[in-house]
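Colleague: Starting off with a structure, shown below.
The values are calculated or read from the model by the stated rules, or taken from the named source; none is laboratory data. Here the structure is a predicted model, which means the values were calculated and not measured. Cβ coordinates were reconstructed from backbone atoms using ideal geometry, including for glycine residues, and neighbour counts include every protein chain displayed.
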């Protein structure tokens, strides 16, 4: 089992739910899921079933068990599920539409489940695909389409379904603008993430963007966060310094510094206005300063 297939939920199995013919007639060419205005498109030759409840934060564990905590951490709102049947009521496609509080949190959960070595496709903001699934991101929605079928027909139809869903879902098709601040040189493509909370193991350190870099045999990461005001940014840095080193530098001024974090080693960090960014596992100070200057030139 590969790393993508391992993410398929435990409930992906056949069921005998009745086809929602009334809904099919009333809402053609699209089906509305109960308790929200999520729309599922028709597929020629398929019957559409709603055999699952709408999941909310208080019962998401019933569906994805231990994985629910990660979704809740990214401000999960609800989950709608539909199944497309063909032939003798055999499950052909299963669609899960996870809605999060905002496109930023949807990107956060999506980025936590992708890997740079996946096969990425141009769908919504971005998607990735293998023969048995397509996952993609659009606006506040993280969509998963799964199948147990194989062959050319299934491969064609899963792509058609994915594009129908992407068209029906509203929302941005752009990555968070903060990602444009990261230097491109030596960046590992599709390694960007949004960490909602507990960055570097510190509970207070939330809302952080990160990405990975590789130069030669050296791997390192860069992170960036911002606050609404300069004062809030200063308070974050004060708390970080106190938790990492036991003391707050006086006076605490904008600029760069090295923080010796007992849990994470040396952190090279720059504070500018309402933004803090820095590097982990990078000892080349010339490279750090070059990258820092590039970021500062974009602010």
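Colleague: Look through 9, 57 and report the one residue that is more than 23 Å from residue 174 (Cβ to Cβ), at pLDDT 95 or above and within 25 Å of the chain's Cα centre (by Cα).
Modeller: 57
Colleague: From the list 287, 252, 282, which residue is surrounded by fewer than 19 Cβ atoms within 10 Å (Cβ to Cβ), farther than 20 Å from residue 232 by Cα and assigned by TED's automatic domain parsing to the domain that holds residue 217?
Modeller: 287
Colleague: Within the range 255-279, how many residues are in a loop (DSSP other than H, G, I, E, B) and either surrounded by 11 or more Cβ atoms within 10 Å (Cβ to Cβ) or at positive phi (or both)?
Modeller: The total comes to 3.
Colleague: Same structure, new question: Do you know which of the residues in the range 200-233 that are part of a helix (DSSP H, G or I) and at pLDDT below 95 is surrounded by the most Cβ atoms within 10 Å (Cβ to Cβ)?
Modeller: By that ranking, first place goes to 200.
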